[in-house]
């Protein structure tokens, strides 16, 4: 009886969970960057790096984790200077900044001020994991 009640409770909780509707989704930037496919641009940069260095996958995962760890996924780990997340002791060995910078530069040349660095980190990490 208690086991059936536990199963019923879990089933009820699963039905009451409201799905999250985050702003970033596949195709989010479609049509927002002067005809440039934002996701394809990031993917090609990640694929080129992956072909040379497969360790970019855990590097980007770690970069994203450390970015999201403190105050949410806001790309604050990319900020240079003393007293920033980038210079915090646990983050000194984080890698992948140059890949994010490369993707940002490529996208800024097509549509300045449209694609956020936080979104580039997430998309690049997703693409790296898929590879």
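Structure notes:
- The residue list 72, 96, 113 contains one member that is without any contact (Cβ under 8 Å) to a residue 60 or more places away in the chain, farther than 23 Å from residue 44 by Cα and out of contact with any strand residue (DSSP E or B) (no Cβ under 8 Å at 6 or more places or on another chain), which is 72.
- Flag if residue 63 is out of contact with any helix residue (DSSP H, G or I) (no Cβ under 6 Å at 6 or more places or on another chain), in contact (Cβ under 8 Å) with a residue 24 or more places away in the chain and surrounded by 20 or more Cβ atoms within 10 Å (Cβ to Cβ): yes
- Residues of the range 93-115 that turn out to be surrounded by fewer than 17 Cβ atoms within 10 Å (Cβ to Cβ) and under 20 Å from residue 26 (Cβ atoms), as a count: 3
- Hits in the range 71-92 (condition: touching a helix residue (DSSP H, G or I) at 6+ places or on another chain (Cβ under 8 Å) and either at pLDDT 95 or above or surrounded by 13 or more Cβ atoms within 10 Å (Cβ to Cβ) (or both)): 73, 74, 75, 76, 77, 78, 79, 84, 85, 86, 91
The values are calculated or read from the model by the stated rules, or taken from the named source; none is laboratory data. What you are looking at is a predicted structure, and each value in this text was computed from that prediction instead of being measured. Glycine also receives a Cβ, built like all others from the backbone with ideal geometry; neighbour counts cover every protein chain displayed.
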